[in-house]
Amino acid sequence: MARFLPPSLLLLSAVLFSACGEDAPPGSDPAKPASFTATQVSTAQSLAAVPGFADQSGGGIFATADGAAVRLRLDGTKAALAAHPRNTATPGAVRATFRLGPHSALVETDSGLFLADQGWLIEPLWQEVLGTGIVATAQTADGAAWIAHPTGLFQIQGGVLASLKLSGQPLTGITTMTAAPAEDGLPGLWFAREGKLNVVVASAPGVYQVRGTDAPLAGGETVQTLAGLSAGTGTAGETWVLTSTRLMRRNTDGWSTVALPSRPEQLLGAGRYLWARAGDRLYTYDADAKVWGVAEGLPSGSVTLLAADESGCAWVRVGDKAMAVSQTPAPRVTGMHQGMLVVEEGLVVQAHLPPGSTPKSVHFQLEGQEVQATGPAYSFGGLEADGETLKAFSFASLPPGGHTLAVVSRFEDGTEARRNLPFTYQPLTTTPSYARDIRPIHEARCAKCHTTSPGRPLNTYELWKSNAQLINAAVRDLRMPADGPLDPQGIALIQRWVSSGALP
């Protein structure tokens, strides 16, 4: 497999400001968690107590107790996952799994790094540049994936791995990292270094600033764990900080201390949900409803948070058992993901229900419109005339901008389980062509793997057109290119090209 080295420098400018104040936080927020009987989906797989990846459509990628990588489905059963036959190295024992995108994960093994994609473990082209020892990963609002490593802070964008440097030196010593808005509202990458908080923002395309923050840390107080909550429709994201003494939150109202019944030891954020473990107690916070809950009914044993996803579900290990835990049996969605840029006028969107109680009805809600979906397909657009083929739902009547699609399961006892999925609709006003718009993307990002090998040949217009739906799904879900997702404009162009007839 061909390999390349990173560019010498990514950073064009870096600015430091004063890091932290010595004063107490400006306010406090006493949490009052309400008990809930946890919805549990167990798996027969014995999982290791190391970080995993949870897919918002259900399941995820985890390390087993004997060091293998395992892919789980929504119901906890094992799905296919194998090393790609064209890999040059065999995956070793799994150390941890990290999120790179909505449906993609980076698996770290004793023998190197592998991307988990549709049942395959694939060597990234930049594996030998980084090596093992990953501290954390995050994906910022501009689509860039970030990797904190003992040798520095790295960015993957446009398929290129590059090192972010400060005054010509790598940013080593990062202990935790998350994506959340900076204090001025710009998309930010927060990280802790030497116990202090910093945030990276893009001041211009390809130009990054490393800033200190106004976090009100007391003397001797250090940052231990960061978690970020993404933006909702009309709602900004949040930064959560677990320090050596307390739990802090920063939202549009500024900093506050959040007082749980006991100080957490683990913190995970995904979408609009936060999970915190304190001893054997498991707390969750719904940022839209602004309410805390504490899980009841879990098996006895020590609790470890493994991963969390945007539906409000956490994968945990309790004693020697592993399971998915949530407040309600919320439906999952395929065909769209949280924060997705939708440019196609029509998408096939399905709701998938977790195992357990069957709801009385399942409804999609969008812009005041409610559509009841029938099982077992639960398709937003319904079925074609043949009664079997799923019909795409048309978004053409939506105004451009931010929207939220909700899927609601209603049960006989009057309760509901809801999945809210914020997205942005931005239809393109011109019709793309292969020669003008798609071929340059292929040559820049796809040709090295999709001319003759190792991937499916895609070196002609005819091959792109015949594989258009497969390509569209792969780039839309940020699974391809294998060395990192396209930028939002490239994704939008391919989506629009396919939806407008894949013109030459």
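The values are calculated or read from the model by the stated rules, or taken from the named source; none is laboratory data. The shown structure was predicted, so the numbers you read here are calculated from the model rather than taken from an experiment. Cβ coordinates were reconstructed from backbone atoms using ideal geometry, including for glycine residues, and neighbour counts include every protein chain displayed. Accessible surface is based on the protein model in full, side chains and every heavy atom, while ligands, DNA and RNA are left aside. Shrake-Rupley method; radii C 1.70, N 1.55, O 1.52, S 1.80 Å.
So what is the calculated 222 nm ellipticity per residue for the chain, using -39500 (n - 2.57) for each DSSP H run with n of 4 or more, over all residues, to the nearest 500 deg cm²/dmol? Display every interim value, and only then the final one.
On the way: 5 runs with 35 residues, N = 504.
The helix-only estimate for the chain comes to -1500 deg cm²/dmol at 222 nm.
Taking 0.36 nm per intervening residue step and subtracting the Cα-Cα distance, what contour gain separates Asp253 from Leu383 on full extension?
Taking 0.36 nm per residue and subtracting the Cα distance, the gain is 42.2 nm.
Within the chain, how many Lys pairs sit with Cα atoms under 27 Å apart, leaving out pairs fewer than 8 places apart on the same chain?
On the way: Lys32/Lys290; Lys78/Lys321; Lys165/Lys196; Lys360/Lys391; Lys391/Lys465; Lys448/Lys465.
Close lysine pairs found across the chain: 6.
Run the numbers for Ser111 and Thr245: contour at 0.36 nm per residue of separation, minus the present Cα-Cα distance, in nm. Kindly include the intermediate steps, with their values, before the conclusion.
Values: separation 134, 0.36 × 134 = 48.24 nm, distance 3.73 nm.
Between Ser111 and Thr245, full extension yields an extra 44.5 nm.
Over the stretch 111-230, what is the relative contact order in percent, taking alpha-carbon pairs closer than 8 angstrom and at least six residues apart? Don't skip to the end; give the middle numbers.
Values: 229 pairs, mean separation 19.3, N = 120.
It rounds to 16 percent for the stretch 111-230.
About the Cα centre of the chain, how large is the charge dipole given +1 on each Lys and Arg Cβ and -1 on each Asp and Glu Cβ? Please answer in debye to the nearest 20.
On the way: 37 positive and 43 negative charges, 129 e Å.
For this selection, approximately 620 debye.
Can you give the alpha-carbon Rg of the stretch 152-303 over 2.2 N^0.38 Å, where N counts its residues? If you can, show how the numbers build up before the last one.
Details: Rg = 16.4 Å, N = 152, 2.2 N^0.38 = 14.8 Å.
Normalised Cα radius of gyration, the stretch 152-303: 1.11.
Stick to the Cα atoms of the stretch 183-263, pair each with every other, and give me the Kirkwood hydrodynamic radius in Å at one decimal. Walk me through the numbers before you get to the answer.
On the way: mean 1/r = 0.0738 Å⁻¹.
Its Kirkwood hydrodynamic radius stands at 13.6 Å.
Against the empirical 2.2 N^0.38 Å scaling, what ratio does the C-alpha Rg of the stretch 100-198 come to?
Details: Rg = 13.6 Å, N = 99, 2.2 N^0.38 = 12.6 Å.
The value comes to 1.08.
Return the loop-located trypsin sites (Lys or Arg not before Pro) in the stretch 231-278 (DSSP other than H, G, I, E, B) with at most 13 other Cβ atoms within 10 Å of their own Cβ; answer none if there are none.
none
Per 5 Å bin, what percent of the C-alpha pairs of the stretch 284-363 does each bin hold, from zero upward?
3, 10, 19, 20, 19, 14, 8, 4, 2, 1
Choose one of Val135, Ser256, Trp190: the residue whose Cα lies farthest towards the positive end of the charge dipole of the stretch 128-259 (beta-carbon charges +1 Lys, Arg; -1 Asp, Glu; about the Cα centre).
Highest projection toward the positive end goes to Val135.
Note down the net charge around Leu47, summing +1 for each Lys or Arg and -1 for each Asp or Glu among other residues with Cβ under 11 Å from its Cβ. Walk me through the intermediate numbers first.
Details: positive: Arg317, Lys321; negative: Asp66, Asp320.
Net charge in that neighbourhood comes out at 0.
Full-extension gain between Val160 and Asp286, please, as 0.36 nm times their residue separation minus the C-alpha to C-alpha distance. Kindly include the intermediate steps, with their values, before the conclusion.
Details: separation 126, 0.36 × 126 = 45.36 nm, distance 3.56 nm.
Separation in residues times 0.36 nm, less the Cα-Cα distance, equals 41.8 nm.
In whole Å, what is the distance between the alpha-carbon centres of the stretch 124-145 and the stretch 181-205?
17
What is the spin-label model distance, in nm, from Ser394 to Ser500 if the labels are put 7 Å beyond Cα along the C-beta direction?
1.9
Hey, what does the equivalent ellipsoid look like for the chain, semi-axes from the Cα gyration tensor as sqrt of 5 times each eigenvalue, largest first, whole Å?
Numbers: eigenvalues 213, 177, 109 Å².
Equivalent ellipsoid of the chain: 33, 30, 23 Å, largest first.
Given R₀ = 60 Å, FRET efficiency for Ser357-Ser203 by Cβ-Cβ distance, to 0.05?
Values: r = 51 Å, r/R0 = 0.85.
Computed FRET efficiency for Ser357 and Ser203 comes out at 0.75.
Take the alpha-carbon centre of the stretch 42-92, take the same for the stretch 346-425, and report the distance between them in whole Å.
28
Return the carbon/sulfur percentage of the accessible area of the stretch 173-219, one whole number, probe 1.4 Å, all protein chains in place.
53
Considering the zone a paramagnetic label at Ala444 would reach in this model (a point 7 Å from Cα along the Cα-to-Cβ line), which residues of the stretch 171-213 have amide N under 18 Å from it?
Counting only backbone N, you get 204-207.
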